[in-house]
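Trainee: Below you'll find the structure I mean.
What follows draws every value from the coordinates through simple rules; no lab data is involved. Please read these numbers as outputs of a predicted model, since none were measured by experiment. Cβ coordinates were reconstructed from backbone atoms using ideal geometry, including for glycine residues, and neighbour counts include every protein chain displayed.
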Amino acid sequence: MLTDRQLVDLVLGGDLHAFGTIVGITESLVAQIVFKLIPNEEDRRDVAQDIYVKVYQHLENFRFQAKLSTWIAQIAYNTCLNRLQKKQLPVYHPPEREAGESGEETPEDRWRATDETDRLLLQKELKELLQAEIGKLPPIYQTLIGLYHQEELTYHEIARITGLPEGTVKSYLFRARRQLKDTMLYIYKKEKL
Amino acid sequence: MSGTHPSEEILQQYVLDRAACPAEAIHHIGACPECQATIAAYGALGELLSSQPAPEFDFDLAAAVTVRVRDVRTRHQAVARVRERKGGAVGMALVVALFAGVPAWLFRKSAYFVFTDMSAAFYWVLLAAAGIVVGFFLLRLHKKYQDVINLINK
């Protein structure tokens with residue numbers, strides 16, 4: 001397995017195969033960002049390619065201050081935002097709200113009433129429900145959820161990619177999780193009745 | 001059970017990184033079934049989130065990008081060649097100016113006497129020849145420029 005520096009050196013030396021390797025390594029991370037921020041499928045295809053062309057063009061400016069994947073994700077995020085701005089689509093940034101101010105009844109009791117076996121049986125169903133619920137979240141929440149829970153990036157890395165302060169990343173993630181938990185418990189309760 | 005319930009933020013923190021939670025909160029959670037239920041819910045949610053299917057592009061991104069990058073590289077090389085040629089032409093013009101201009105400037109007073117004995121016809125021939133050479137040179141330059149532009153736009 002080649003290091004970031006070795007890969008970059010190879011690409012700068014003219015090795016396009018090495019660039020293909022970089023694309024392969026970072027594709028899933030870029031997909032997380034592109035799929036969450038760009039609603040149109042055709043645009044996604046263009047944006048994904050534009051991202052890597054930009055990466056290629058600016059690779060000589062990469063100073064190894066962060067992981068190569070983080071740097072590429074940063075380019076991906078900014079490219080998506082630029083595309084949205086060009087098409088005048090709004091990037092939804094939710095308003096600041098105090099923690100615990102959800103306004104809805106917290107349904108932990110219902111969750112507690114469910115035993116482990118039941119939950120396992122409902123795992124698949126819940127997965128699908130959750131996927132649908134994630135899709136209803138603001139794009140920025142979806143992106144953060146994908147980066148944190150699926151790509152397993154740290155708050156610091158996510159902050160670097162999105163340009164948001166680390167505290168804001170934490171706060172958005174907290175609210176997204178709470179919203180998902182509350183909605184899932186609510187749906188679950190309705191189905192049980 | 002001790003005091004009021006910890007905030008949901010702390011409960012989430014407990015699920016993600018228990019060690020980063022305040023000792024008081026850990027103590028409370030250990031004895032509070034309500035908080036334990038919330039933690040169980042967040043735990044299950046975390047598992048579900050991690051196991052969500054990752055989005056994937058429905059085309060070979062690496063292949064598509066490689067084609068575009070190859071194209072970009074060809075254009076860059078073409079542009080570099082144009083710059084190189086431009087640099088060469090400028091250099092050549094400077095050399096010509098130096099070799100022709102300096103003596104012309106130094107002997108500018110005697111040059112008048114050299115040309116006064118020539119006929120008007122000779123001046124016209126000289127002017128026409130110079131015009132042909134310059135025209136030919138410009139035509140060649142334009143053709144080269146067109147070639148590069150065609151290469152870039154290909």
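Trainee: Sort by residue number and report every cysteine in chain B with no other cysteine beta carbon within a distance under 4.7 Å.
Mentor: B:Cys21
Trainee: Percent of Cα-Cα pairs more than 24 Å apart in chain B, please.
Mentor: Values: 8268 of 11781 pairs.
Percentage above 24 Å: 70.
Trainee: Within a 10 angstrom radius of each residue's Cβ in B:50-59, how many Cβ atoms of other chains show up on average? Whole number is fine. Provide the component values of the computation, followed by the final result.
Mentor: Numbers: counts 4, 5, 9, 3, 9, 11, 4, 11, 3, 4.
If you average over the peptide's residues, the count of other-chain Cβ atoms is 6.
Trainee: At a 10 angstrom cut-off on C-beta neighbours, averaged per residue, how do the peptides A:34-44, A:1-11 rank from highest to lowest?
Mentor: A:34-44, A:1-11
Trainee: What are the lysines whose alpha-carbon lies under 23 Å from the alpha-carbon of A:Lys189, with same-chain residues fewer than 8 places away excluded?
Mentor: A:Lys124, A:Lys127, A:Lys136, A:Lys181
Trainee: Average partner chain C-beta neighbours within 10 Å, per residue of A:45-53?
Mentor: Values: counts 5, 0, 0, 5, 8, 2, 2, 7, 5.
Counting Cβ atoms of other protein chains within 10 Å of each residue's Cβ and averaging gives 4.
Trainee: Could you name the lysines whose alpha carbon sits less than 23 Å from that of A:Lys67, not counting residues in the same chain fewer than 8 places away?
Mentor: Candidates past the 8-residue exclusion: A:Lys36, A:Lys54, A:Lys170.
Trainee: What residue among B:Leu126, B:Pro103, B:Phe136 has its Cα farthest toward the positive end of the dipole of the range B:61-153, where the charges are +1 on Lys, Arg and -1 on Asp, Glu, each on the Cβ?
Mentor: The residue sitting most towards the positive pole is B:Phe136.
Trainee: May I pose another question? Can you give the net charge of the other residues whose Cβ lies under 13 Å from the Cβ of A:Thr21, counting K and R as +1 and D and E as -1? Walk me through the numbers on the way to the answer.
Mentor: On the way: positive: none; negative: A:Asp4, A:Asp9, A:Asp15, A:Glu27.
For residues surrounding A:Thr21, the net value is -4.
Trainee: How high is the relative contact order of chain B, given as a whole-number percent (alpha carbon pairs under 8 Å, six or more residues apart)? Intermediate results must be reported in sequence, preceding the final value.
Mentor: On the way: 46 pairs, mean separation 31.5, N = 154.
In percent, rounded to a whole number, it is 20.
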